[in-house]
Amino acid sequence: MTGANGHGHGHGHATSGADASRVEDLVQRRVHEAGEHEGPFSIHVLGIGKTGANVVESFVRAAADSPLADNANGFSALAIDIGDADLAGARAAGKKAPAGSVQTVALPALDSTTLFSGLRRYREFLKAEFPRYYWNPNYEPWVPNDLEIPAADEHFPRALAKAIYGVEYYQGHEVAQELNKFVAGILNSPATPIVCVAFSLAGGTGSGIVVDLARHLSNIKLGRRPWVLGMGVLPCEGDTDEVWDGRLFPSINELDCMVDGEKNQGVMTVWGDLYKNPFTAGFFAVPQNAVYERTGDIEATHRIIDDGLAAFLVRDGGKHVYESIKALNWLNVDASSWHPAIRSDQTDRWINLLAVDAPEHTPGVSGRELVDGAEPRFAEVRRFGAAAAGDNSEIQLPAAQAGPAVATYPEAKLEGTTAFVAKLSKLDLRWFVPTRDAYDSFDWEQKLMAHSWILDLGVMLCEPSTRFESMGGECLLGCACWVVVPHAAIRGEEPADIQLA
């Protein structure tokens, strides 16, 4: 391992104390490398929405030609979308995979009568799932009665995507059955399973469904035992204008209150530990702007990103994704309480960039991704292939407190490079404040339809509490549903003296 491009460890950024020594251990001692007692691994990818389905397609094609295919239950995949049009690629790729290891589910665009019939039973569903559920006598479905349902394969607002998934899941329809099969494959794997949940942060279906599906998968069906990694593809400048209309603000904040341990505690204080962060392995965000700036073609960018993620997941039987997760865990557990069996809670710096590109290009993080002054804690670059050892090409990454550490694997048959940039907050994302401003221009119903996570509990997260001053979570049901998270913290206007319960 060597430093690279004159930006190696110890370049002058302020870091001190326990944090510095933890990072030093990653850079110098490589404490996150897999030992002989770790592995083999199996990789299981759940893709939601069009983006998730495309990641599944690339993953299955790569996994079928990788050592993962040599092992029983070495890999599996499940792609879920509303409508069938974007699932064909995953199905076609699945023909090369072992029978039953790749499945797709096309959720129906339910008609209004069927949808509301299910939504009116939602309290029954939640009570059966979680005995602590508060049987709210004021409950009403969270979507408007006169809502027009789009046709399958059109754009679905997050609140509606959640409703369709929930009605289908809780009534035991195909999505619940296939999720059970997916879980059985994970639990039957003789290897150490790593589960990745892939979706787009900007997509209505993916980001609207993932907040519930990840909970069902990780907290309920898997019992929080296997590692579950969130993998959210970030928006890019080549996306349509609608992506920037404010819908990202609830999407990133729901993840923020789910993954940031302190905010998540504020949600669980009111709603119980079933709402504990389901991403037990952490959360990787995938930037696209560097690739788009090179290609100028959004579809080509998506394909390169999908293929790059797939290559990262399957390389060396999942060893590199495991080591990245291990490094993240190492950074998040305080040195005074460290034990190999400890799984860390994330902080408000829960966003970890995973940059990929085509094999012949070095991945980077564009200046369009982060605000000026954003300073990740750690960065690592992994180069693969015969040319890797002598490759000192410039790496476009934000300046980290330590790194980028560069590891080379010249023995790898497949060329390529990945970059991992650890521990950023939502406030480091360049689009956070502009999308907050765009969200503020929404009318009330637009704000409602851009939300998802705890709407079924009667809470619109990004609005102020109607009962408790300065707290977040507007009650939709005329009572006192809320979260113990300061509204200012949700908006990114957190004053220094705010203390969470």
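Sub-7 Å Cβ pairs linking a first residue in the range 291-304 that is within 16 Å of ALA355 (Cα to Cα) to a second residue that is open to solvent by less than 60 Å² (accessible area, probe 1.4 Å) and of a type in the set (Asp, Glu), at least 6 apart or interchain, are VAL291/ASP357; ILE304/ASP357, ordered by first then second residue. Exactly one residue among GLN446, GLN401 is touching a residue at least 40 places away in the same chain (Cβ under 8 Å) and surrounded by fewer than 16 Cβ atoms within 10 Å (Cβ to Cβ), and that residue is GLN446. What are the residues in the range 98-116 that are without any contact (Cβ under 8 Å) to a residue 40 or more places away in the chain and among the β-branched types (Val, Ile, Thr), if any? Passing the criteria: only THR113. With respect to the stated conditions, SER251 is within 19 Å of the chain's Cα centre (by Cα) and either buried (at least 24 other Cβ atoms within 10 Å of the Cβ) or part of a loop (DSSP other than H, G, I, E, B) (or both). Applying the set (1) closer than 30 Å to ARG29 by Cβ; (2) modelled with pLDDT of 95 or more; (3) among the β-branched types (Val, Ile, Thr) to ILE304 leaves exactly one unmet item: (1).
Name every residue in the range 123-145 that is in a loop (DSSP other than H, G, I, E, B), at pLDDT 95 or above and charged (D, E, K, R), in order of residue number. GLU140 - this is the single residue of the range 123-145 that is in a loop (DSSP other than H, G, I, E, B), at pLDDT 95 or above and charged (D, E, K, R).
Residues in the range 261-280 that are under 15 Å from ASP348 (Cα atoms) and open to solvent by less than 10 Å² (accessible area, probe 1.4 Å): ASN264, GLY266, VAL267, PHE279. Test GLN177 against the criterion of being out of contact with any helix residue (DSSP H, G or I) (no Cβ under 8 Å at 6 or more places or on another chain), open to solvent by 30 Å² or more (accessible area, probe 1.4 Å) and over 17 Å from LEU87 (Cα atoms), and give yes or no. For GLN177, the condition - out of contact with any helix residue (DSSP H, G or I) (no Cβ under 8 Å at 6 or more places or on another chain), open to solvent by 30 Å² or more (accessible area, probe 1.4 Å) and over 17 Å from LEU87 (Cα atoms) - is met. Within the range 124-144, the set of residues being touching a residue at least 12 places away in the same chain (Cβ under 8 Å), of a type outside the set (Phe, Trp, Tyr), surrounded by fewer than 16 Cβ atoms within 10 Å (Cβ to Cβ) and under 15 Å from LEU477 (Cβ atoms) comprises ASN138, GLU140, PRO144. Taking the range 54-86 as the range and being among the small types (Gly, Ala, Ser), farther than 28 Å from LEU160 by Cβ and either in contact with a Pro (Cβ under 6 Å, 6 or more places away or on another chain) or open to solvent by less than 10 Å² (accessible area, probe 1.4 Å) (or both) as the test, the residues that pass are ALA63, GLY74.
Every test in (1) open to solvent by less than 40 Å² (accessible area, probe 1.4 Å); (2) without any contact (Cβ under 8 Å) to a residue 40 or more places away in the chain; (3) assigned to a helix (DSSP H, G or I) is passed by GLY223 save one, and that test is (3). Based on this model, can you work out whether PRO67 counts as over 26 Å from the mean Cα position of the chain (by Cα) and not β-branched (Val, Ile, Thr)? It is false that PRO67 is over 26 Å from the mean Cα position of the chain (by Cα) and not β-branched (Val, Ile, Thr). Candidates in the range 358-414 are the residues that are under 23 Å from the mean Cα position of the chain (by Cα) and of a type in the set (Gly, Ala, Ser); of these, the one that is farthest from ARG315 (Cα to Cα) is ALA374. State yes or no: is LEU119 open to solvent by less than 10 Å² (accessible area, probe 1.4 Å), in contact with a helix residue (DSSP H, G or I) (Cβ under 9 Å, 6 or more places away or on another chain), in contact (Cβ under 8 Å) with a residue 40 or more places away in the chain and farther than 30 Å from GLN446 by Cα? When the stated conditions are applied, LEU119 does not pass them.
Total residues in the range 355-390 satisfying the condition of being under 30 Å from CYS257 (Cβ atoms) and in contact with a Pro (Cβ under 8 Å, 6 or more places away or on another chain): the figure is 11. Of all residues in the range 56-75, those that are of a type in the set (S, T, N, Q) and under 11 Å from HIS44 (Cα atoms) total 1.
Residues of the range 140-166 that are within 23 Å of the chain's Cα centre (by Cα) and either of a type in the set (S, T, N, Q) or within 18 Å of ILE220 (Cβ to Cβ) (or both): LYS162, TYR165, GLY166.
The values are calculated or read from the model by the stated rules, or taken from the named source; none is laboratory data. Remember, it's a predicted structure, so these values are computed and weren't measured experimentally. For neighbour counting, all protein chains shown are included, and Cβ atoms are generated from backbone atoms with ideal geometry for every residue, glycine included. Only protein heavy atoms, including side chains, enter the accessible area calculation; ligands, DNA and RNA are left aside. Shrake-Rupley method; radii C 1.70, N 1.55, O 1.52, S 1.80 Å.
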